[in-house]
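Trainee: Attaching a single structure in structure tokens format; questions to follow.
The values are calculated or read from the model by the stated rules, or taken from the named source; none is laboratory data. The structure presented is a predicted model; accordingly, all values stated were derived computationally and were not measured. Don't worry about glycine lacking a Cβ; one is built from the backbone with ideal geometry, like all the others, and counts go over all protein chains shown. Keep in mind that these areas ignore ligands, DNA and RNA; they rest on the heavy atoms of the full protein, side chains included. Shrake-Rupley method; radii C 1.70, N 1.55, O 1.52, S 1.80 Å.
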Amino acid sequence: QVQLVESGGGVVRPGGSLTLSCAASRSLMNANSLGWYRQAPGKAREEVAMRFQHGHTTYRDSVKGRFTISRDTAKNIQYLQMKNLKIEDTGTYFCYSDSGRDGVRGYDYWGQGTQVTVSP
């Protein structure tokens, strides 16, 4: 079935690193997009990083140079490597996919969320 299961959150000090994992069904690995949003308490959900069907990736300005998407296609897992974490990176991170193909919109799929806390 079509699904996303994410893991890898935790508590880290500023400047530390974490890697999030998103285990995706094979169809979502090849869909229009697969990436992450995050949401801090009292704030709007915001796009963090996104990989598109043919390999193009985008990152929000505040994480450029610090966050990197990679994947293990044999295992159907996509990773978000987060380095030099800042307090403002704290939030719940949600794996997300538009299940469509070739730019034709499909359905939105969301992981269950994993908490990332950056604290001194």
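Trainee: What does the accessible area of Ser7 come to, in Å² to the nearest 10, when a probe of 1.4 Å is used?
Mentor: Ser7 exposes around 60 Å² with every protein chain in place.
Trainee: Karplus couplings for the stretch 99-106 from phi (6.51 cos²θ - 1.76 cosθ + 1.60, θ = phi - 60°), rounded to Hz, Gly and Pro as x?
Mentor: Values per residue, Gly and Pro as x: 6, x, 9, 6, x, 7, 4, x Hz.
Trainee: Please calculate how many Å² of accessible area the chain carries per residue, with a 1.4 Å probe and no DNA, RNA or ligand atoms counted.
Mentor: In whole numbers, the chain has 53 Å² accessible per residue.
Trainee: Protein chains only, probe 1.4 Å: how do Ile69, Ile87 rank by accessible area, largest first?
Mentor: Per-residue accessible area, sorted high to low, gives Ile87, Ile69.
Trainee: Additional query: Per the Kirkwood definition applied to all pairs of different Cα atoms, how many angstroms is the hydrodynamic radius of the stretch 32-86?
Mentor: About 12.1 Å, per the Kirkwood formula over Cα pairs.
Trainee: Something else about it: Quick check: at a probe of 1.4 Å, how many percent of the accessible area of the stretch 18-120 sits on carbon and sulfur atoms?
Mentor: Result for the stretch 18-120: 49 percent of the exposed heavy-atom area is carbon or sulfur.
Trainee: Turning to a different aspect of this structure: Give, rounded to the nearest 20 debye, the magnitude of the charge dipole that the chain has about its Cα centre when Lys and Arg contribute +1 at Cβ and Asp and Glu contribute -1 at Cβ.
Mentor: 200
Trainee: Another question about this same structure. Tell me what the chain gives for mean residue ellipticity at 222 nm when only DSSP H runs of n ≥ 4 count, each as -39,500 (n - 2.57), the sum divided by the residue total, rounded to 500 deg cm²/dmol.
Mentor: -500 deg cm²/dmol
Trainee: Under a cut-off of 16 Å between alpha-carbon atoms, report the aspartates and glutamates in cross-link reach of Lys43, not counting same-chain residues fewer than 8 places apart.
Mentor: Glu88, Asp89
Trainee: If I take every Cα pair under 8 Å that is 6 or more residues apart in the chain, average their sequence separation and divide by the length, what percent do I get for the relative contact order?
Mentor: This gives 36 percent for the chain.
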